[in-house]
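A.B. asks: A single structure is presented below for examination.
What follows draws every value from the coordinates through simple rules; no lab data is involved. Only a predicted model underlies this, so the values are computations on that prediction, with no experimental measurement involved. Note: ideal-geometry Cβ built from the backbone for every residue, glycine included; neighbour counts use all protein chains shown.
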Amino acid sequence: MIRRVYLDNNATTPVLPEVMEAMRPYFGEHFGNASSIHHHGQATRAAVERARESVAALLGCRASEVVFTSGGTEADNLAVFGLTRPGDHVITSTIEHHAVLNACKHRVSQGCEVTFVPVDGRGLVDPADVRRAIRANTKLITIMFANNETGVLQSVAEIGRIAAEADIYFHTDAVQAAGKIPIDVNRIGCDLLTISGHKLHGPQGVGALYVRKGTQLEAMLHGGRHERSRRAGTENVYGIVGLGKAAELAITGFERGDDKKMAAARDRLERELLEIEATGLNGADSNGECAPRVPNTTNIYFDGIDGEALVIALDLKGLAVSTGAACSSGAIEPSHVLTAMGLRPDRAKASVRFSLGKQNTPDDVDFALGLVQETVGRLRDLSPVYNKAASSDQRAASNRRSAGP
Amino acid sequence: MLTTETIAVAMSGGVDSSTVAAMLCAEGHSVIGLTMQLWNQRRLAGHEGMPESVQGRCCSIDDVYDARRVAETLGIPYYVVNHEERFERDVVRPFVEEYLAGRTPIPCSLCNNHLKFDQLLIVAQQIGADKIATGHYAQVVFDEQLNRWLLKRPADRSKDQTYFLFGLTQEQLSRTLFPLGGMTKPEVRELARAYNLVIAEKPDSQEICFVPGGDYKRFLEAYLSEQGVEPTPISGEMVGGEMVTSDGKVIGEHAGVHNFTVGQRKGLGVATGSPLYVIQIRNDTRQVVVGKDEELYSRTLRASRVNLISTAELGEPMRVAVKIRHKHQPAPAMIESAGPGEVLVTFDDPQRAITPGQAAVFYDGDIVVGGGWIDTSQE
């Protein structure tokens, strides 16, 4: 068996052992339907509500403001479809996750208007652009907290203030922020916020939408009066319990300073990857500085390399990383995020995302560094384009030198 | 003891390539499954003449699922690689342009030359595979005496795909395996069943993969409309012109040269006493020349962009058999060099419906000498 190192934690994270342990009883002895009045139902109801309190603690809100869903996509859709009606205007950005982007595009086909606010070269939305996009019929502003491909954090608190002043609902997709940085819905000033279980070492198939008290949200799923009539369907008890435990562990992690350790590991990985020639940090300005980011993500281009081939070659040697977004067949499509940031198409295709998780060790980072250095070198040796460009660069450089006095 | 290699298999989700992957695994090779994502079927949905929901075969999710299932059964790594851009540039656009120029293209050969044995081979090399293997029915062998890689016809003549492979270079052939070359199709299916592959009973596909339902005219219209060519040359009748007889008599009009192929009898839109056939399409004047069956025969053709396989160059004229379309029985002929990359073919007997845009492939017995693209037929 080859050694396998997983640095694709923005795609999904492994369930932590404590989370698995917390979930285990709900596959067995505690099997009840949380809506049942008997002993079995009471046991699972209690577990669901404890989990709700844990999630509320992670987000700084009340338990009654947490709606459990099947995941981030459902929560994003619930925010967009639950708040807007035909004729309403929505403001979002060009770098949202497809769960928001395509929900908004679908709303356009149903008679909503949507403004897609651009980002600058660092991947940042200018809050002034959001303010300028506001119209009389603007119902919702939805701008993500942290981007999945670059990790860049938007100025959500400022956008929250703009939304509050204009009395417009503000939703933020915090799927990539939750568990990585502390979140406080009141500091952000959002009315809705999405999180997903499996991005913070909880299970797949569960997520939550924070809905500020008093928000008029129409349910998408109709049935029983689950989740205070905001989301019908028997609760996914073990999933919810897992999400609750993951939220608790995230909070203790912040208290321990896990996020600072994570940032140090990411910074080392990034620094050493950037020592490979003809590489660069996506989103960095001319000083090499990045916008504020979550502590686990870096997105780097390797000139002259086909990112898709690099990801496959690394996978075959045991390192899991990713590039762009996988389409339905599993093929890679150029990243809409990097493209929106104005990256050259060849660089967008030469970009790879590395994202760390709580399970990664310094040894994992060393393994990744060694393998990436070796593989990038090998791929460049095979690339006639890169070699030609490199040698002409060298020629140009030596010409410049020889042209001196 | 056999040496084992790392081999990338081009997997389409069909019986042939799936069986290739299973065979190479059984031989102990380290096998990596690759599927090329070449065309997005949804792309032209809703455009001029295309329904909102397009059912096509190419790169369909179902085929990728099938390939993935097979890879999982075999326990091999499997990846889908995206080559949509190159496919459009090197296959789809030339396909459209050829039709608009009154020629009849073969996209499969272009795909082999530019995608399967070029881009895919590069990916294979990059991910550490020494060779690629495909489910084509053909054979590749190294000839010590000639010091060249040879492309040969397969054991199953009814499945012979060498006609589409004439463009392979020595470098490409040296890195290519055609494990089905010595087998018949029924044997391949039998083997697929023996390996318990889920796709063992999947029907064969014949049509051009990116053209839904084989309706190439509808595809051209939709593609041009998507490209912002409005009105499309087709709907705007910009490619329309006169229908003339070989002695220059105008007998009608036609709505576009792309509607015709040399040898075509149906759909000419003119009524005469004796059966009429398209004998020539003149791109410069957009005239479609029609005539009697006997006028379809010519003895010579000129092929351009010639690739030679069994020999580095054509010094002396050479006796070969030449195939001018996929289902054509190779006919005895002499070939001689007619300038760089050009070959003049002179058949012993006149051949019917030599069609510009198709390939002329030269055979010496089972060996593919080379081939080129038919430019013109001449009397």
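A.B. asks: Only Cα pairs under 8 Å and at least 6 apart count here; give the relative contact order of chain A as a rounded whole percent.
C.D. replies: 21 percent
A.B. asks: Rank these for me by crowding, B:Cys108, A:Cys112, going from fewest to most other beta carbons within 10 Å.
C.D. replies: B:Cys108, A:Cys112
A.B. asks: Ok, one more. Can you compute the charge dipole magnitude of chain B about its Cα centre, using +1 on each Lys and Arg Cβ and -1 on each Asp and Glu Cβ, nothing else charged? Give it in debye, rounded to the nearest 20.
C.D. replies: 440 debye
A.B. asks: Here is a further query. Could you list A:Asp191, B:Asp215, B:Asp204, B:Asp63 so that the one with the fewest beta carbons within 10 Å of its beta carbon is first and the one with the most is last?
C.D. replies: The order, fewest Cβ neighbours first, is B:Asp204, B:Asp215, B:Asp63, A:Asp191.
A.B. asks: When the convex hull of the Cα atoms of segment A:17-253 is projected onto a plane and the area is averaged over all directions, what value comes out in nm²?
C.D. replies: 12.3 nm²
A.B. asks: So, one more: Give the Kirkwood hydrodynamic radius (Å, one decimal) of chain B, defined as one over the mean of 1/r across all pairs of different Cα atoms.
C.D. replies: Computed over chain B, the radius equals 22.2 Å.
A.B. asks: Shifting gears a bit: Pick from B:Lys159, B:Lys327, B:Lys185: which residue has the top mean-square fluctuation in a GNM of chain B where Cα pairs under 10 Å get a spring?
C.D. replies: It is B:Lys327.
A.B. asks: Per DSSP H run of n ≥ 4, the term is -39500 (n - 2.57); total these for chain A, divide by its residue number, and report the mean residue ellipticity at 222 nm rounded to 500 deg cm²/dmol.
C.D. replies: -13000 deg cm²/dmol
A.B. asks: Nothing charged except the Cβ atoms of Lys and Arg (+1) and of Asp and Glu (-1): what's the magnitude of the dipole of chain A about its Cα centre? Round to the nearest 20 debye.
C.D. replies: For chain A, the charge dipole is close to 320 debye.
A.B. asks: Can you give the alpha-carbon Rg of segment B:137-256 over 2.2 N^0.38 Å, where N counts its residues?
C.D. replies: Cα-based Rg divided by the globular estimate yields 1.66.
A.B. asks: Calculate the translational D of segment B:107-163 in whole µm² s⁻¹ from Stokes-Einstein, where the hydrodynamic radius comes from the Kirkwood formula applied to all Cα pairs, the temperature is 10 °C and the viscosity 1.306 mPa s.
C.D. replies: The Stokes-Einstein estimate is 124 µm²/s.
A.B. asks: Relative contact order for segment B:297-378: what percent, with Cα pairs under 8 Å and sequence separation of 6 or more?
C.D. replies: So the answer I get is 44 percent.
A.B. asks: Among the lysines, select those whose C-alpha is under 19 Å from the C-alpha of A:Lys260, and discard any that sit fewer than 8 residues away in the same chain.
C.D. replies: Correct list for A:Lys260: A:Lys180, A:Lys199, A:Lys358.
A.B. asks: In debye, nearest 20, what is the charge dipole magnitude of the protein assembly as shown about its Cα centre with +1 on Lys and Arg Cβ and -1 on Asp and Glu Cβ, if you could check?
C.D. replies: 1140 debye
A.B. asks: Let me ask something else. Rounded to whole Å and ordered largest first, report the semi-axes of the equivalent ellipsoid of chain A derived from its Cα gyration tensor (root of 5λ).
C.D. replies: Equivalent ellipsoid semi-axes, largest first: 40, 27, 17 Å.
A.B. asks: Let me ask another. Enumerate the aspartates and glutamates that B:Lys185 could reach by cross-link, defined here as Cα to Cα under 15 Å, with residues fewer than 8 away along the same chain left out.
C.D. replies: Cross-link targets: B:Asp16, B:Asp156, B:Asp160, B:Glu201, B:Asp204.
A.B. asks: Taking B:Lys249 as the anchor, which lysines have their alpha carbon closer than 27 Å to its alpha carbon, excluding any fewer than eight residues away along the same chain?
C.D. replies: Straight-line reach from B:Lys249, under 27 Å: B:Lys266, B:Lys292.
A.B. asks: Could you work out the per residue convex hull volume over the alpha carbons of segment B:297-378, in cubic angstrom?
C.D. replies: Looking at segment B:297-378, the number lands at 77 Å³ per residue.
A.B. asks: Related question: What is the Cα centroid distance between segment A:143-158 and segment B:293-311, reported in whole angstrom?
C.D. replies: 62 Å
A.B. asks: Where Lys and Arg each count +1 and Asp and Glu each count -1, what net charge lies around B:Ala155 among other residues with Cβ under 13 Å from its Cβ?
C.D. replies: +1
A.B. asks: Hey, got the Cα dimensions of the protein assembly as shown along the principal axes, in Å, largest first?
C.D. replies: Principal axes ranked by extent give 90, 78, 65 Å for the Cα atoms.
A.B. asks: Could you grab the relative contact order for segment A:17-253? Cα pairs under 8 Å, six or more apart, rounded to a whole percent.
C.D. replies: Reported relative contact order: 26 percent.
A.B. asks: Kindly give the semi-axes, whole Å and largest first, of the ellipsoid equivalent to segment B:239-291, taking each as the square root of 5 times a Cα gyration tensor eigenvalue.
C.D. replies: 15, 12, 10
A.B. asks: Let me ask another. Grab the other residues whose beta carbon is less than 11 angstrom from that of B:Lys323, score K and R as +1, D and E as -1, and report the net.
C.D. replies: Charge balance in the 11 Å sphere: +2.
A.B. asks: While we're here: Could you work out, residue by residue across A:303-309, how many beta carbons of other chains sit within 10 Å of that residue's beta carbon, and then give the average as an integer?
C.D. replies: 3
A.B. asks: Apply the a/c threshold of 1.5 to the C-alpha gyration tensor of segment A:36-151 and tell me whether it is rounded, prolate or oblate.
C.D. replies: Prolate, since a/c reaches 1.5 and a/b exceeds b/c.
A.B. asks: With no solvent and one point per C-alpha, what does the Debye sum give as log10 I(q)/I(0) for segment B:204-341 at q = 0.14, 0.16, 0.21 Å⁻¹?
C.D. replies: Rounded to two decimals, the profile gives -0.92, -1.07, -1.22.
A.B. asks: Segment B:164-220: Rg/Rh from Cα coordinates, Kirkwood Rh?
C.D. replies: 1.10
A.B. asks: What is the fewest-to-most order of B:His47, A:His30 by other Cβ atoms lying within 10 Å of their Cβ?
C.D. replies: With the fewest neighbours first, B:His47, A:His30 line up as A:His30, B:His47.
A.B. asks: From the residues A:Leu209, A:Ile91, A:Ile168, which one has its Cα farthest along the dipole of chain A in the positive direction, the dipole being from +1 and -1 charges on Cβ of Lys/Arg and Asp/Glu about the Cα centre?
C.D. replies: Farthest towards the positive pole: A:Ile168.
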